[in-house]
1. Can you find a residue in the stretch 294-308 that is without any contact (Cβ under 8 Å) to a residue 40 or more places away in the chain, out of contact with any Cys (no Cβ under 6 Å at 6 or more places or on another chain) and assigned to a helix (DSSP H, G or I)?
2. Among strands (runs of 3 or more DSSP E) lying entirely in the stretch 74-191, which contain 3 or more residues that are away from the ligand (no atom under 16 Å from the Cβ) and basic (Lys, Arg)?
3. Do we have Val261 as touching a helix residue (DSSP H, G or I) at 6+ places or on another chain (Cβ under 8 Å), within 16 Å of the ligand (Cβ to nearest atom) and either not in a helix (DSSP H, G or I) or not assigned by TED's automatic domain parsing to the domain that holds Ile178 (or both) here?
4. Kindly evaluate His240 against the criterion of being under 21 Å from Ile352 (Cα atoms), in the same structural domain as Gln309 (by TED's automatic domain parsing) and either crowded, with 22+ Cβ neighbours inside 10 Å or polar (S, T, N, Q) (or both).
5. Can you tell me which residue is farthest from Tyr283 (Cα to Cα) among those in the stretch 328-357 that are assigned to a strand (DSSP E or B) and out of contact with any Phe, Trp or Tyr (no Cβ under 8 Å at 6 or more places or on another chain)?
6. Please state which of the following conditions Asn68 fails to meet, knowing it meets all the rest: (1) more than 9 Å from the ligand (Cβ to nearest atom); (2) surrounded by fewer than 22 Cβ atoms within 10 Å (Cβ to Cβ); (3) touching a residue at least 60 places away in the same chain (Cβ under 8 Å); (4) under 21 Å from the mean Cα position of the chain (by Cα).
7. Spot the failing condition for Glu79; the list is (1) touching a residue at least 12 places away in the same chain (Cβ under 8 Å); (2) exposed (fewer than 14 other Cβ atoms within 10 Å of the Cβ), and only one is missed.
8. Would you mind telling me which numbered condition in (1) assigned to a helix (DSSP H, G or I); (2) touching a strand residue (DSSP E or B) at 6+ places or on another chain (Cβ under 7 Å); (3) aliphatic (A, V, I, L, M) Met267 fails?
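The values are calculated or read from the model by the stated rules, or taken from the named source; none is laboratory data. Remember, it's a predicted structure, so these values are computed and weren't measured experimentally. Cβ sites come from the backbone with ideal geometry, for glycine too, and all protein chains shown count toward neighbours.
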Amino acid sequence: MQTIIIENGKDKVDVLYHQDIDNLKKEFSLRSKSIFVIDHKVFQNKQLKDALVGSEENIFLIKDPELNKSFKVLEKILEFFHSKKLNRNDTIFAVGGGAVTDLAAFAASIFKRGINLTLIPTSLLAQVDATIGGKTGINFHGIKNLIGSFYNPKKIIICTGFLSSLNDQEYLNGFSEIIKHSILKSSDECLNLIENSEKINSREETFLRELIERSLKIKTNVISQDFKEKGQRKFLNFGHTFAHGIEYANKENPVLHGHAVHIGMQMATEFSIQKKIISMEDYQICKDLFGLFGYDFTKIKLNAEEIFQAMKLDKKNDSDKVTLILLKSIGSPVAVEVDDENELLSFLQEFIDNFER
Ligand SMILES: NC(=O)c1ccc[n+]([C@@H]2O[C@H](COP(=O)([O-])OP(=O)(O)OC[C@H]3O[C@@H](n4cnc5c(N)ncnc54)[C@H](O)[C@@H]3O)[C@@H](O)[C@H]2O)c1
């Protein structure tokens, strides 16, 4: 077990690493009253169930978390907190992927204006991305994360033992954020991924744990400088404007966010070379990195016109123009406004025509 303290906005957050789920038992028994909001699928884990023996009546389970990241379920959680006579010194444990941690953290942030919160992310995406940065929220009127707050947990517990039950594509879904953080940081980070691709694909425990920690530090450094997303934090959207376009264009058959981000990062990198702002050497490193892992893109529909139209609607664009995060070099992202929409549309078409799945 190891603890690091990260600066998250004005708060300090303890991040603990455990390998074994068994170790959570100690964490759960540290407090006078604990309430658990847990992903239904994750709750099937026997070690987790054992660690929770005696706390059964304080558990609220969430099925189909993304569908239930809603006002209706939020209200039920708040009713549950109320029925348990929670006060501000009690603790909420949110255990699950990013949908459960976002939902439970939002509930914790508004009940009695904020209750102690511990996040236990169980998907790779939640471990390297969703639980860091204090964003909480629910979906509303079909729009993702429309309602929410900024609220930090007191503690984040990363337990790599949970990752073994993720299927390969769910694992890669989270791995896209590790690729993104590495590209935003340095070519050394990217080369580390390239050289260790076998360990990554076989989910070698020690290497993965180290990778999660490095990735968290990169995101934390960005966020500690820009908690409310006014400057640097926008670079974390590398690949995301394209990805939101892809996700929107596939809304009838939703695609995994990390898969859309992976294609989005490829698009951003190709657009950077087309605009002649990245060197050929850095471009090649990114290309090598993108090609090494077993992403299954076969079911993703890529239609240039639909992606282009959706990009224009992207909520993160504050100006009239589409803003893209491109690369001056690995480790040096830059926000670029698109002046010529026709150029972007033709680029998308050409990218899609040459895209190998
Ligand atoms: N707050 C933030 O900064 C932030 C950042 C990125 C994403 N998010 C949010 O996170 C969510 C996406 O995260 P996610 O991919 O974890 O989604 P998720 O919570 O929907 O989990 C994906 C699937 O994996 C299952 N799952 C979770 N842990 C598992 C495990 N250990 N073994 C087997 N199955 C497991 C879940 O039941 C679900 O079916 C979205 O709602 C997104 O908006 C938030």
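1. Scanning the stretch 294-308 turns up no residue that is without any contact (Cβ under 8 Å) to a residue 40 or more places away in the chain, out of contact with any Cys (no Cβ under 6 Å at 6 or more places or on another chain) and assigned to a helix (DSSP H, G or I).
2. none
3. No: the conditions fail for Val261.
4. Yes.
5. Glu337
6. (3)
7. (1) is the only condition that Glu79 fails.
8. (2)
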